[in-house]
Amino acid sequence: MTLILKNPTLGLEEVQRAAFYILFERLNDAIGLVESYWTPLDEERSIRTGIPIPATTLERVLPGNFHEGHRPSLLRAPIEAYPNVAVMAFRATPGPGSDLFDHVDVYRDQLWIEMMVKSQIDEVETNRRAQRMAAAVNTCMIQNQSLEGIVSGLETGPTAVVSDLFVRKERTSYGAEWYWQGARLEYSVRKETVVQPPQFFDIDQG
């Protein structure tokens, strides 16, 4: 027996792909905006404390460093793979109001966006880069809360987690030492899915 669906999707990968496109096309512009926002604030800190700090530049994400799905292998990737961004939608649960509709299922999808940055300067610059990369990602998301029309919107603001900083050699076991740090934004996304009528399926029994 074969079961063929004309539109075989649970919605999770649609959410994941839409968020991927938004970040792929807009994140580097948002990084520039965040960088410009923080430049005068860093200068103010230097003036108020009397302790000068160097300007913090933010690295842009290369096209090949945007990823879909969970990518733990990025922790030990070559230096050219940083900074990077990974988008994953991994769980859908029935949302409020799902039982009120006959032909629509309402889901609350969990969407995670993980990013990693690097620096050869010091821990302070690495932490600033991680924090500001997360701000740039969130800027993209809050400006596109419907994920270009495929969901109803973000149910709440994100949960933000910045990881511990660690030191690693450039080529894992040899080379110059670099500082690395990651961050994760966790979103809850409301998605409606139409319950297909029986003719949606094409069943061939043989």
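Which number in (1) touching a Gly at 6+ places or on another chain (Cβ under 9 Å); (2) modelled with pLDDT of 80 or more marks the one condition that PRO83 misses?
Looking at each condition in turn, PRO83 falls short on (1).
Determine whether segment 142-155 contains at least one residue that is closer than 21 Å to ARG60 by Cβ, of a type in the set (Val, Ile, Thr) and without any contact (Cβ under 8 Å) to a residue 60 or more places away in the chain. Before you say what the answer is, go through the steps one by one.
To start, the set of residues in segment 142-155 that are closer than 21 Å to ARG60 by Cβ comprises 142-144.
Next cut, of a type in the set (Val, Ile, Thr) only: 142.
Within this subset, residues satisfying the condition of being without any contact (Cβ under 8 Å) to a residue 60 or more places away in the chain are 142.
Yes - at least one qualifying residue is present in segment 142-155.
For segment 12-66, give me each residue that is out of contact with any Cys (no Cβ under 8 Å at 6 or more places or on another chain), part of a helix (DSSP H, G or I) and of a type in the set (Lys, Arg).
Pass one, segment 12-66, residues out of contact with any Cys (no Cβ under 8 Å at 6 or more places or on another chain): 12-21, 24-25, 28-29, 31-66.
Checking the rest, the ones that are also part of a helix (DSSP H, G or I) come to 12-21, 24-25, 28-29, 31-49, 63-65.
Result: ARG17, ARG45, ARG48.
Could you grab me the full set of residues in segment 152-206 that are more than 28 Å from TRP112 (Cβ to Cβ) and either small (Gly, Ala, Ser) or at pLDDT 80 or above (or both)?
Once the filter is applied, which keeps residues that are more than 28 Å from TRP112 (Cβ to Cβ) and either small (Gly, Ala, Ser) or at pLDDT 80 or above (or both), segment 152-206 yields SER173, GLY175, ALA176, GLU177, GLY206.
Out of (1) within 17 Å of GLY182 (Cα to Cα); (2) of a type outside the set (Phe, Trp, Tyr); (3) touching a Phe, Trp or Tyr at 6+ places or on another chain (Cβ under 7 Å); (4) at pLDDT below 85, what's the single condition that is false for PRO78?
That leaves (3) as the condition not met.
Answer with yes or no whether ARG132 is closer than 24 Å to VAL87 by Cα, modelled with pLDDT of 80 or more, among the basic types (Lys, Arg) and in a strand (DSSP E or B). Show your work before the answer.
Numbers: closer than 24 Å to VAL87 by Cα: yes; modelled with pLDDT of 80 or more: yes; among the basic types (Lys, Arg): yes; in a strand (DSSP E or B): no.
No.
The values are calculated or read from the model by the stated rules, or taken from the named source; none is laboratory data. Just so you know, these numbers come straight off a predicted model, no measurement behind them. Methodologically, a virtual Cβ is constructed for each residue, glycine included, from the backbone with ideal geometry; neighbour enumeration extends over all protein chains shown.
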